[in-house]
Amino acid sequence: MSLYGSAVKRPIMTTLCFVAVVILGLFSLKTLPIDLYPDIDTNTLMVMTTYQGASAQDIEQNVTRPLENVLNSVNDLKHITSKSRENISVITLEFEYGKDIDVLTNDVRDKLDLVSSSLPDDAETPIIFKFSTDMIPIILLSVQADESMPGLYKILDEAVANPLARVNGVGSVSISGAPKREIHIYVDPVRLEAYNLTIEQIASIVASENRNIPGGAFDIGSDTYSLRVQGEFASSDEMRDIVVGSYDGRNVFLRDVARIDDSLEERAQQTFNNGVKGAMIVIQKQSGANSVEISDKVLKMLPSLQKRLPSDVKLGIIVDTSDNIRNTIASLVETVLYALLFVVIVVFFFLGRWRATLIITITIPISLIASFIYLAITGNSLNIVSLSALSISIGMVVDDAIVVLENVTTHIERGSDPKQAAVHGTNEVAVSVIASTLTLIAVFFPLTLVTGMTGVLFRQLGWMVTIMMIISTVCALSLTPMLCSLLLRRATHHGKVYNALFGPVNRGLDAFDNGYGRLLTWVVGHKLITIIICIATFVGSLFLMKHVGTEFFPTADDGRLSVNLELPIGTRVEIAQEVTERLVRQWQEEYPEIKVINFTVGTASSDNTFASLSDNGPHIVSMNVKLSDPGLRDRGIVEIAGLMREDLKHYPQYKKAQVRVGGNMGAMGGQASVDFEIYGYNFSETDSVAQRLKRALEAIPGTADVNISRSDYQPEYQVDFDREKLAIYGLNLQTAATYLRNRINGSTASRFREDGEEYDIKVLYDPEHRTSLDDIENILIYNSAGKGVRVRDVGKVVERFTPPTIERKDRERIITVNTVVQDVPMSEVVAAAQEAIDKMDIPQGVSIQLAGNYEDQQDSFRDLLMLAVLIIILVYIVMAAQFESYTYPAIIMTSLLFAFSGVFIILYLSGHSLNVMSMIGAIMLIGIVVKNGIVLIDYISLNRERGLSIRRSVIDGGKSRLRPVVMTTLTTILGMVPMAVGTGQGAEMWRPMGTAVIGGLTFSTILTLLFVPVLYCVFAHNGIRNARRKFHKSLRSKK
Amino acid sequence: MKAILITFDQAHYDHIIEILDRNNCRGFTSWAQVSGRGSNDGEPHYGSHAWPSLASAIITMVDDHRVDTVLGRLKALDDERPKLGLRAFVWDVEKSI
């Protein structure tokens, strides 16, 4: 028994089967997390090796190069980049997307084992570090405080950071901008010298005084007591009275040689929120956790946390990444619902019967909901890609049901009972329904095979659409006939309302049919002209291709900007802060769209994981700007970023300034940028090429934020010790250097304990005694005999420039010149830059290559083109098998040309550029467009088999298939309209896709309806002529 | 005893069985899918791409006095749904076991 036979016979079983699917689907939907993109596995590994005391060049030669040479042979490696800085080498391995990172990590570890013996002895064992998008903070909280400022770190640590860190899924919570308490023992070097004391002695005395020592247990009578010495300082003042030595028989107290300063750490990162000094709390998630869920939990906790804080401390939100996710998904859900509504309206308009409309539209929720089961089983989320898949499919899942319903209706009209009609009517079209689904699967299934980043993104789209198509076909072959048998009636009497409403509609549709019939008759009579016009349109549209620029991904407006500013190296933190405060005030006045503006400046302390991973220093300012929702402002984010860049030009204090759209999200959603990689060994040559290239790029319209990756030579003071003199005084270099460090940086003597918290006690020179070179030269170094000698007697203090970080890529030295592309398509900038580079005089051994987004774009476009070719071949195979002919599929395929013309024309008219999203749209068109051709050719050849002449078959076939073609096309187009015109958050991402499909489909349908019949006529005539010729030949040869 | 061969569009099947039942014609032999076309008009029933519909055939042996009633009922059914197609042919049964 066939599927539809048993479905019609057993309506209860059929209904309940689908009810079960729907219930399972809805249940899955409840468990689905929300996210922006499908899970993108990390594809980068970092290998960090420290080698204390080595300069950048030593590191490059002795650590980085040997490691690179070995790591280069790991499988699936795309690029290997490295940074060799003083003391540390960081190698970044970038792998192809979609590979199992755990396997790769093991490979890398094996390779490191091989090479570790040939590394310098003092170099530490290399550490492997996985970097993923999970490292990007999900929430930034601002903290404003007045009186509580000095103790802010402790307050926040106890009342905010610790509770938040306990939330399930939160990875780490770091506080920046709130300096920690530290106890300084500021020593006066002059007095120290007078009493014959050293910082080291003081540090060790403080350490040995600040002790709690258990003395064991002893028995008194029948009881056992434990004995303890509680020597730890109860307050920092106690330290003043420590005896640190004796002079002339009198005790020397600590207060005699130093002052105790119980305050905050000296060099800390400072944070300003909306121009007010405060702190920032950075929340990162655990890898694999869901940001929306965590952010929900965190936001729910905030009010209760706020209650526990002193009244002057106010918490606020700077960035909540989940906000964007939620809004984007909400606007996409809206899009899906609109698409659903439009499709229902179209179906009702064409069929004019509510029962038929119900039968057809019921397949939409069933197929859509069933796909949630797939998402839940595979552990995916509701994201941009899976929801776009829903939106795309809505128009297509009804097609099969429409074909089945139409045929069943014909049977009923001929006199069959609904039950019989449902079985036989479905039986007749089952094969062609399956074949047309196969053509669509031939388009979407290969999407699951794409590699690279595009593959990661569109694998889910491929699976979702494939599954929905299969479900909709199963639905059309079981549920639809079942419902037809129950709901459709033989004799339909139309009421007055129906006639009033649908009378004009039907007359209009009839007139449309007839008009098309007349046009088709004319066209078939003027084949040559039609073919010429069509080909001319196609060729003409190819010229538009030149004017349509290309880019990688559209820029999404998520209302987030991040600004990185750099003053010249060595600038004091106060200056950086002052300039930036001025900038912030100006921006707050100029851009009312700014909701929160926050910046951080200064050196990050090493226990702030987030801050110490990103660039920091007294001269580096990093800023977060949150704008109001895109719907609420007139200026787009790109426009605002452009204006900010203009403003920054009036601040010559900043050596480097970067305004990034969309935070630091990278390729997707951010503003496109192009990297020019300059390869070459010689520093000065590559530097000069980079400078020239920077100037050339700045002259090209559409570039902004042109930056050179190599930083400047850093000025610093170095003490050159004379080893011979050191030896004379019985010293070695290490002792001498440690003396310097203890006096300037300080030596951590011990820890002060209070209320369960520990604070460092640092002994160092009083700040006023470390402000000049003289102070350094006057430092006394004692040898083991206790004899002191000044630094100036054993060495020289000289000013030097240390070479910058040495960057390498694919085992060659490199400088990257990066430019953001603004207002123009990326391809234009690349073309202009290429021209400029060709004109440049580049020294031997230096080469320039394009990378960054441009490289990604090229890779993706290449992948997608390959995919398009594969899909076209597959679709051809499916069609050729269905028609048992090589020519008919070829005729149908010509409609693809017009689809691509349509894409170019609409991109040109709407001013969009060709990017990955519009390419995907164009690829989807292959399946959708071909379907129209199949319906048309199928019916024409059916007419011919029924014995009609070619001309008659074409005209009659065209006329009778016009409505189904227009109907399915309209459902698809209207299903896409909400995507193409959407204005919600994130709409920029899918707008190009919707636009491309609408343009291509409209254009190709119109031309297909005229061009395909004409081509069919031509080929059919030729076929008949050839057959006749053969026949005559065989007759003649028989004679 | 007369033999009636009824050839008809598949969709008629249930109705024809019902007619036979009502007339106490218990025995019959049926072919679920047969192809063919009418002598004068109507769509051919080939089960092909061009003519996808199919016919069925039933042969039944009935008592002489029932033949006219059965044929009358079949004629009524055919008139009700002329587009589907239904034909019946009657001849004598000479012997049976």
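The values are calculated or read from the model by the stated rules, or taken from the named source; none is laboratory data. The model shown is predicted, which means the values in this text are computed figures rather than measured ones. Using ideal geometry, Cβ is built from the backbone for each residue, glycine included, and neighbour counts are taken over all protein chains shown.
The helices (runs of 4 or more DSSP H) located wholly in segment A:1-69 that include 3 or more residues which are at pLDDT 90 or above and of a type in the set (V, I, T) occupy A:11-31.
Yes/no per residue for (1) in contact with a Pro (Cβ under 8 Å, 6 or more places away or on another chain); (2) under 30 Å from A:I318 (Cα atoms); (3) surrounded by fewer than 19 Cβ atoms within 10 Å (Cβ to Cβ):
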residue: A:G525; (1), (2), (3): no, no, yes
residue: A:I533; (1), (2), (3): no, no, yes
residue: A:G549; (1), (2), (3): yes, no, no
residue: A:L567; (1), (2), (3): no, yes, no
residue: A:R572; (1), (2), (3): yes, yes, yes
residue: A:I575; (1), (2), (3): no, yes, yes
residue: A:T580; (1), (2), (3): no, yes, no
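A single entry from A:A511, A:A536 fulfils the requirement of being closer than 26 Å to A:S953 by Cβ and free of Cβ contacts under 8 Å to residues at least 24 places away in the same chain: A:A511. Scanning segment A:320-357 for residues that are charged (D, E, K, R), assigned to a helix (DSSP H, G or I) and touching a residue at least 60 places away in the same chain (Cβ under 8 Å), which turns out surrounded by the most Cβ atoms within 10 Å (Cβ to Cβ)? My answer is A:R326.
On inspection, A:V423 passes the criterion of being part of a helix (DSSP H, G or I), within 14 Å of another protein chain (Cβ to nearest Cβ) and not polar (S, T, N, Q). The set of residues in segment B:12-29 being free of Cβ contacts under 8 Å to residues at least 60 places away in the same chain and hydrophobic (A, V, I, L, M, F, W, C) consists of B:I17, B:I19, B:L20, B:C25, B:F28. What do you reckon, is A:I294 over 30 Å from A:Q588 (Cβ atoms) and in contact with a Leu (Cβ under 7 Å, 6 or more places away or on another chain)? In short, no. Note on segment A:259-286: among residues that are assigned to a loop (DSSP other than H, G, I, E, B) and in contact with a Lys or Arg (Cβ under 8 Å, 6 or more places away or on another chain), the one that is nearest to A:V244 (Cα to Cα) is A:E265. Just so you know, in segment A:753-809 the residues that are closer than 18 Å to A:E182 by Cβ and β-branched (V, I, T) include one that is nearest to the chain's Cα centre (by Cα), and it is A:I761. Taking the conditions (1) over 23 Å from A:V385 (Cα atoms); (2) in contact (Cβ under 8 Å) with a residue 40 or more places away in the chain; (3) surrounded by fewer than 23 Cβ atoms within 10 Å (Cβ to Cβ) in turn, A:L870 satisfies each one other than (1).
Exactly one residue among B:A32, B:A50, B:A55 is within 14 Å of chain A (Cβ to nearest Cβ) and without any contact (Cβ under 8 Å) to a residue 12 or more places away in the chain, and that residue is B:A50. Residues of segment A:953-972 that are more than 14 Å from chain B (Cβ to nearest Cβ) and surrounded by 23 or more Cβ atoms within 10 Å (Cβ to Cβ): A:V954, A:I955, A:G958, A:T968, A:T969, A:T971, A:T972. The residues in segment A:91-125 that are of a type in the set (A, V, I, L, M), within 31 Å of the chain's Cα centre (by Cα) and surrounded by fewer than 19 Cβ atoms within 10 Å (Cβ to Cβ) can be counted, and the count is 2.
Number of residues in segment A:88-105 that are under 17 Å from A:P38 (Cβ atoms) and at pLDDT 85 or above equals 0. Look at segment A:164-193: where a residue is on the phi > 0 side of the Ramachandran plot and of a type outside the set (A, V, I, L, M) and a partner is surrounded by 21 or more Cβ atoms within 10 Å (Cβ to Cβ) and at pLDDT 85 or above, sitting 6+ places away or on another chain with Cβ atoms under 8 Å, you get A:G169/A:I294; A:G177/A:V143.
Against the test of being in contact (Cβ under 8 Å) with a residue 24 or more places away in the chain and either within 24 Å of A:V456 (Cα to Cα) or in contact with a Cys (Cβ under 8 Å, 6 or more places away or on another chain) (or both), the options A:T64, A:T50, A:T92 yield a single qualifying residue, A:T92. Each residue in segment A:244-258 was checked for being in a helix (DSSP H, G or I) and free of Cβ contacts under 8 Å to residues at least 60 places away in the same chain, and 1 pass. Exactly one residue among B:D14, B:D21 is away from chain A (no Cβ under 11 Å) and more than 14 Å from B:G85 (Cα to Cα), and that residue is B:D21.
Taken together, the criteria place A:S416 among residues that are within 10 Å of chain B (Cβ to nearest Cβ) and not in a helix (DSSP H, G or I).
Restricted to segment A:696-800, the set of strands (runs of 3 or more DSSP E) holding at least 1 residues that are of a type in the set (S, T, N, Q) comprises A:703-708, A:714-721, A:747-754. Of everything in segment B:75-91 that is away from chain A (no Cβ under 14 Å) and surrounded by 14 or more Cβ atoms within 10 Å (Cβ to Cβ), the residue that is nearest to B:D9 (Cα to Cα) is B:R87.
Of all residues in segment A:928-959, exactly one satisfies the criterion of being assigned to a loop (DSSP other than H, G, I, E, B) and among the hydroxyl-bearing types (S, T, Y), namely A:S949.
Within segment B:55-72, the set of residues being within 13 Å of the chain's Cα centre (by Cα) and either of a type in the set (S, T, N, Q) or under 14 Å from B:R26 (Cβ atoms) (or both) comprises B:S56, B:I58, B:I59, B:T60, B:M61, B:V70. Of all positions in segment A:932-952, none carries a residue that is surrounded by 24 or more Cβ atoms within 10 Å (Cβ to Cβ), under 31 Å from the mean Cα position of the chain (by Cα), closer than 26 Å to A:I532 by Cβ and not polar (S, T, N, Q).
Condition check ((1) more than 30 Å from A:T271 (Cβ to Cβ); (2) buried (at least 16 other Cβ atoms within 10 Å of the Cβ); (3) small (G, A, S)) across all residues:
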{"site": "A:K180", "(1), (2), (3)": "no, yes, no"}
{"site": "A:R191", "(1), (2), (3)": "yes, no, no"}
{"site": "A:T198", "(1), (2), (3)": "yes, yes, no"}
{"site": "A:I202", "(1), (2), (3)": "yes, yes, no"}
{"site": "A:A207", "(1), (2), (3)": "yes, yes, yes"}
{"site": "A:R211", "(1), (2), (3)": "yes, no, no"}
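Among the residues of segment A:462-474, which ones are surrounded by fewer than 24 Cβ atoms within 10 Å (Cβ to Cβ) and touching a residue at least 40 places away in the same chain (Cβ under 8 Å)? Once the filter is applied, which keeps residues that are surrounded by fewer than 24 Cβ atoms within 10 Å (Cβ to Cβ) and touching a residue at least 40 places away in the same chain (Cβ under 8 Å), segment A:462-474 yields A:W463, A:I467, A:V474.
Matching residues to (1) at pLDDT below 90; (2) part of a helix (DSSP H, G or I); (3) within 14 Å of another protein chain (Cβ to nearest Cβ):
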{"position": "A:T410", "(1), (2), (3)": "yes, yes, yes"}
{"position": "A:V429", "(1), (2), (3)": "yes, yes, yes"}
{"position": "A:G455", "(1), (2), (3)": "yes, yes, no"}
{"position": "A:I470", "(1), (2), (3)": "no, yes, no"}
{"position": "A:T473", "(1), (2), (3)": "no, yes, no"}
{"position": "A:S478", "(1), (2), (3)": "no, yes, no"}
{"position": "A:R490", "(1), (2), (3)": "yes, no, yes"}
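You will find that of A:A868, A:A851, A:A831, A:A836, the residue that is of a type in the set (G, A, S) and in contact with a Ser or Thr (Cβ under 9 Å, 6 or more places away or on another chain) is A:A851 and no other.
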